[in-house]
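A.B. asks: Handing you a structure now.
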Amino acid sequence: MQRITITDDDELVAALDRVIAACGYQNRSEAIRDLARAGITQLQEQTDNPQAGVAALVYVYDHQERELAKRLTGSFHDHHDLSVASMHVHLDHESCMEVAVLRGAMREVRHFAQHVVSERGVRHGRLVTVPVEFENQKHAHGAEPSRRHLHVHVREAR
């Protein structure tokens, strides 16, 4: 293990101390290690750009925003090759949350997710990605005859 020294402004240190208190860390070093690991993982996911992956796009929007539901539905139909499934939840009188499961080339998945989140009336959005390998294999499932179909293999965390 190596010792490093960092200098931060008072505002950032206060925010870090709030995280330490809220999460129950024993000291700043533990919190900074976890935050650094999370940041590194996030950057790797954004820059490594694996060929394929699966993702969950979660977003909250104002269902009364003019034509928004129609625009969102149109976007998902235009990208039907990426969309696997979705769930719609009514949060209150104005807000809805949708969770969309996406699958495909990560560049396309991220681009589509950014398009959805940037729509006027979408209040919050986040994409969670999982790198996978897709493989077209031929084999049987139980009594079913052998046929070729797509399989997903989740990659090991690095």
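Every number here is computed from the coordinates shown, using simple stated rules; none is lab data. Computed from a prediction, not measured in an experiment: that's the story for all the values here. Because the Cβ atoms are built from the backbone with ideal geometry, glycine has one as well, and the counts that use them run over all protein chains shown.
A.B. asks: For Ser118 and Gln64 in one chain, what is 0.36 nm times their gap in residues minus the Cα-Cα distance, to one decimal in nm?
C.D. replies: Extending this stretch completely gives an extra 17.8 nm.
A.B. asks: Kindly state, to the nearest 0.05, the FRET efficiency for Asp78 paired with Ala38, given R0 = 41 Å and r defined as their beta-carbon distance.
C.D. replies: Efficiency, from the Cβ-Cβ distance: 0.80.
A.B. asks: Stretch Leu12-Arg28 to full length: gain in nm at 0.36 nm per residue minus the Cα-Cα span?
C.D. replies: Stretched fully, the Leu12-Arg28 segment lengthens by 4.5 nm.
A.B. asks: Determine the gain in length on full extension of the stretch Thr5-Val101; use 0.36 nm per residue of separation and subtract their C-alpha separation, reporting nm with one decimal.
C.D. replies: Residue separation times 0.36 nm, minus the Cα-Cα distance, leaves 30.4 nm.
A.B. asks: Across the Cα atoms of segment 1-120, what radius of gyration and what greatest pairwise Cα-Cα distance (Dmax) are found, in Å?
C.D. replies: 19.4, 56
A.B. asks: So for each of 12-22, 57-67 I average, over its residues, the number of other beta carbons within 10 Å; can you give me the resulting order with the highest mean first?
C.D. replies: 57-67, 12-22
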